[in-house]
2 protein chains.
Amino acid sequence: MADLVYQNIIADLKKAINAESFPSMKLPDERTLTEHYQVSRSSVKRALNVMANQGIIFKKRGSGTFINPLYLKGGSFFNYNGSNLGVTDSFKAENRTPGIKLLDFQVIKPSAELQRDLFLQPDDFVYEIKRLRLFDEDPFMIETGFIPIKVMPELTEKIVSSSIFNYLEMTKNQEVTRAFLSIFAEPSTRDDQMQLKLKSTEPVGIMEGIFFLDDGTPFEFSTMRLHYQYMKYNTFVTVSGRE
Amino acid sequence: MADLVYQNIIADLKKAINAESFPSMKLPDERTLTEHYQVSRSSVKRALNVMANQGIIFKKRGSGTFINPLYLKGGSFFNYNGSNLGVTDSFKAENRTPGIKLLDFQVIKPSAELQRDLFLQPDDFVYEIKRLRLFDEDPFMIETGFIPIKVMPELTEKIVSSSIFNYLEMTKNQEVTRAFLSIFAEPSTRDDQMQLKLKSTEPVGIMEGIFFLDDGTPFEFSTMRLHYQYMKYNTFVTVSGRE
DNA sequence: TTTAAAAATTGGTACGACCCAATTATTAAA
DNA sequence: TTTAATAATTGGGTCGTACCAATTTTTAAA
């Protein structure tokens, strides 16, 4: 556990919430928490803000801080606490072995749109990497990624046949921690049906977007076509006003 | 514009970024901004944190604060700045008139699952509201909502035939500002195909989840089956570590 | 008893100080 | 010239204070 004050408060409050230590579904007020943890109110507020953004609690000025009832028995929600953006890590728990089959790997001249999305110069080239992802023997996703040569000049077929994100972290100590994603669905194409073993009436879910390095460099544009039963995106949405 | 210091900084920085006042794609350091705006560094940090969470900028300790290149000419992204959760408001810009056709409206005994999701007592009842949403004459979504009687005892067919969220805000000054959403896709059913004018090979996009009032009261469980061409969910994802 | 005013409670915003940690730039040594 | 040590820069975290604003509770008046 990180040794940050607010992180510790979060951890402790989560534990208490899960242990149902607040039958009224209401947390102690901020000043009381300040006293209890022997920290500044600023730190308490910080902790509570993070938890509010995660949807664990609701705050109401003048009234108090309340527990989101759904945070108990986290049944259908809160699967997307997020810890990694890569596919390899995201789908783990299933206790099935993820696999990668390389379908295509080449260097191409990016389209105008791709140039814009990855902020490339006219003479920059990109890798095109097309891979089939599987669990054991079951394919569940066709992934097409575009990575500028200049951000990863040393890419090889070997690297591309396993997790690129892991390689990045291992060798360059850089992490992909942010992405713009667009999520939608389409009827499956013939190719989808072949690769993902879909019937013609069954669709693909699509997650498409740009992945960034820590410093904001666009690292990859990726289109992921998923067997529809494997795409489920859970999210907590807060609207405007607040921050 | 709200008269909050950090909001003003955000507004001003956004304006400057859009005016391309930072050709190096790098913002001034926090201490300089503090000096420039004649505010405390805390307020600068707050502003920058909010902007970082929105994906407008990237911060890197020891190095500086950088502009997300994609925030310029907000082309395909940043459509989801979020301002309202309701359907009526979300799809406006299209300059087509949104319509509602009430398909079903009744009071039922909630399933066990629904009881759990809306945190109901065993003897609570809920409205079931099934509506078809249209743009002009084109149906694009079948919406089935469940609202506990006790949170809205006065619901009528008339209210339900237009925006419930607007009604809530008008009459009770309560707002729906938060939701858990689960986003996925399925092959269309016969009923979907009839209502949404879909071919049998065309899917529906599904957005399903729970909407909350300001104080955390679960207000509605809703399942929205959308014509696949109308479902596009854009989002900026940040991962773990940071907060 | 009911209603209205006042006070207390509770979260929100802002300030500024102090030190830490990651990165970059500079300087000194080899 | 190259390399290693050192300093400066830059964002991160914590503390504590002061005051504001929405809500709830209490008190006083009708």
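The values are calculated or read from the model by the stated rules, or taken from the named source; none is laboratory data. These numbers were taken from a predicted model, which means no experiment stands behind them. Methodologically, a virtual Cβ is constructed for each residue, glycine included, from the backbone with ideal geometry; neighbour enumeration extends over all protein chains shown. Ligands, DNA and RNA are excluded from the accessible area calculation, which covers all protein heavy atoms including side chains. Shrake-Rupley method; radii C 1.70, N 1.55, O 1.52, S 1.80 Å.
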Inside region A:25-39, can you point out the residues that are over 33 Å from the mean Cα position of the chain (by Cα) and either near DNA strand C (Cβ under 8 Å from one of its atoms) or within 14 Å of another protein chain (Cβ to nearest Cβ) (or both)?
A:R31, A:T32
Restricting attention to region B:46-88, which residues are at pLDDT below 55 and at the interface with chain A (Cβ under 10 Å from one of its Cβ atoms)?
B:G75, B:S76, B:F77, B:F78, B:N79, B:Y80, B:N81, B:G82, B:S83, B:N84, B:L85, B:G86
Take A:F184 and decide whether it is out of contact with any Leu (no Cβ under 9 Å at 6 or more places or on another chain) and under 30 Å from A:P203 (Cα atoms).
yes
Could you tell me which numbered condition B:I159 fails, if it satisfies all but one of (1) more than 7 Å from chain A (Cβ to nearest Cβ); (2) without any contact (Cβ under 8 Å) to a residue 60 or more places away in the chain; (3) open to solvent by 30 Å² or more (accessible area, probe 1.4 Å)?
(3)
Suppose we keep only residues that are more than 10 Å from every other protein chain (Cβ to nearest Cβ) and part of a loop (DSSP other than H, G, I, E, B) within region B:180-236. Which one would you say is surrounded by the fewest Cβ atoms within 10 Å (Cβ to Cβ)?
B:K197
Okay, helices (runs of 4 or more DSSP H) sitting entirely in region B:1-70 with 2 or more residues that are touching a strand residue (DSSP E or B) at 6+ places or on another chain (Cβ under 6 Å), I get B:41-53
In region A:13-61, the residues that are surrounded by 15 or more Cβ atoms within 10 Å (Cβ to Cβ), basic (K, R) and closer than 20 Å to B:K45 by Cβ
A:K45, A:R46
Restricting to region A:1-12, and then to whatever is within 11 Å of DNA strand C (Cβ to nearest atom) and within 14 Å of another protein chain (Cβ to nearest Cβ), can you tell me which residue is surrounded by the fewest Cβ atoms within 10 Å (Cβ to Cβ)?
A:A2
Residue identified as within 14 Å of chain B (Cβ to nearest Cβ) and farther than 25 Å from A:E113 by Cβ among A:F140, A:F135
A:F140
